[in-house]
Amino acid sequence: MIKRTFILAFLSLCTLGAAVSVLASGYQGRSASSQQPKTLYIVTTTAHLADIVHNLDPGHIRVESLMGTGVDPHLYRPTSSDVIKLKKADLVIYNGLHLEGRMVELLETLAQEKPAIAAAEQLPPGMLLEGPDNATDPHIWMSVPIWEAVTGIVTDTLIAHDPSYQDTYRQKAALYKGKLEKLDGWIKESVATIPKGNRVLITAHDAFGYFGDTYGLEVIGVQGLSTESEAGLQRIEALTDRLASEKIPAVFAESSLSDRNIKALINGAHQKGHTVARGDMLYSDALGQSGTVEGTYIGMMVHNVKTLTKSLGGKPPVFALDNELALNAP
Ligand SMILES: [Zn+2]
């Protein structure tokens, strides 16, 4: 009623022509605002997955990851604010394959209420590796070609939910996949510079299986696939024997885990007469601090490869995207 009275009063003050012109401009305004896309709110468990979404964003996505830097996804328990975020999300993307070991029930329940996809579980089974105990290895981001396949899965999911932007999603996906291919080629060149006898990567837990499989390194985690199992003294003893007898030059701590076992290896090898260097910390299950180069997937992989290549006696070549990474650090 107020609206009608306002329009009548308005018309009585204006010439018909002016009124038509004002109404027409009002109509255009509404038309433009109706074209504003609705914000799509996406929640991911890991920052790795949020990074893919960020790279595909046509400009109306708000993406948040629940697990920040230094967080161990195997042991992570969702907080009450995480549950609120998951309930509010238009779309939830998680890794799956039991990476989020303590969130499985919550995520599976959520998937009955809203779109929630386990990205790793949509990969062709032939791409996946079995770890010890016949468990499937969930650390899929460690192989760049597999991560490219995950990028494809996330792209298809976004297109299914937001089909009017499918061309933009496809263009952005192609651009990002081009960068991943450059990264993959550079990792192969870097690893090729490591003396063959030194291509052994010893880390705190079994996060690097896909990395070793794709790039030709033997990978040994002191703990198993999940950080829930403790490494026994016998395992530490056997590994220090190997370090000493094969003169393996370095072992590596991980950003999301305590370095207790790595210190035990270094001390054990020292007692057997072999000095093992402590390689710089590697990012395994969490990205670096957001706002830094290592806070992106590509930046994290570049850090890891430079670190392990140098510590194992190789010399990584210059990476073509180094400058771009530094400039674009979010
Ligand atoms: Zn892990």
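The values are calculated or read from the model by the stated rules, or taken from the named source; none is laboratory data. This one's a predicted model, so the numbers in the text were calculated from it and none came from an experiment. Neighbour counts are summed over all protein chains in view; Cβ atoms, including those assigned to glycine, are modelled from backbone coordinates with ideal geometry. Accessible surface areas use protein heavy atoms only, side chains included; no ligands, DNA or RNA. Shrake-Rupley method; radii C 1.70, N 1.55, O 1.52, S 1.80 Å.
Okay, here's what the table says:
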{"quantity": "Residues that are surrounded by 22 or more Cβ atoms within 10 Å (Cβ to Cβ) and not in a helix (DSSP H, G or I), drawn from segment 256-269", "calculated": "S256, L257"}
{"quantity": "Number of the condition not met by D213 [criteria: (1) crowded, with 22+ Cβ neighbours inside 10 Å; (2) within 16 Å of the ligand (Cβ to nearest atom)]", "calculated": "(1)"}
{"quantity": "Per-region count, segment 270-299, residues crowded, with 18+ Cβ neighbours inside 10 Å and in contact with a strand residue (DSSP E or B) (Cβ under 8 Å, 6 or more places away or on another chain)", "calculated": "7"}
{"quantity": "Within segment 188-210, tally of residues that are among the β-branched types (V, I, T), away from the ligand (no atom under 14 Å from the Cβ) and surrounded by 18 or more Cβ atoms within 10 Å (Cβ to Cβ)", "calculated": "4"}
{"quantity": "Criterion (under 16 Å from the mean Cα position of the chain (by Cα) and either more than 16 Å from the ligand (Cβ to nearest atom) or surrounded by fewer than 21 Cβ atoms within 10 Å (Cβ to Cβ) (or both)) met by exactly one of E181, E218, E148", "calculated": "E148"}
{"quantity": "Count of segment 110-131 residues which are over 19 Å from G212 (Cβ atoms), part of a helix (DSSP H, G or I) and open to solvent by less than 70 Å² (accessible area, probe 1.4 Å)", "calculated": "3"}
{"quantity": "Segment 40-64: number of residues that are touching an Asp or Glu at 6+ places or on another chain (Cβ under 6 Å) and open to solvent by less than 10 Å² (accessible area, probe 1.4 Å)", "calculated": "2"}
{"quantity": "Subset of segment 222-253 (residues that are touching a helix residue (DSSP H, G or I) at 6+ places or on another chain (Cβ under 9 Å), away from the ligand (no atom under 16 Å from the Cβ) and part of a loop (DSSP other than H, G, I, E, B))", "calculated": "K247, I248, P249"}
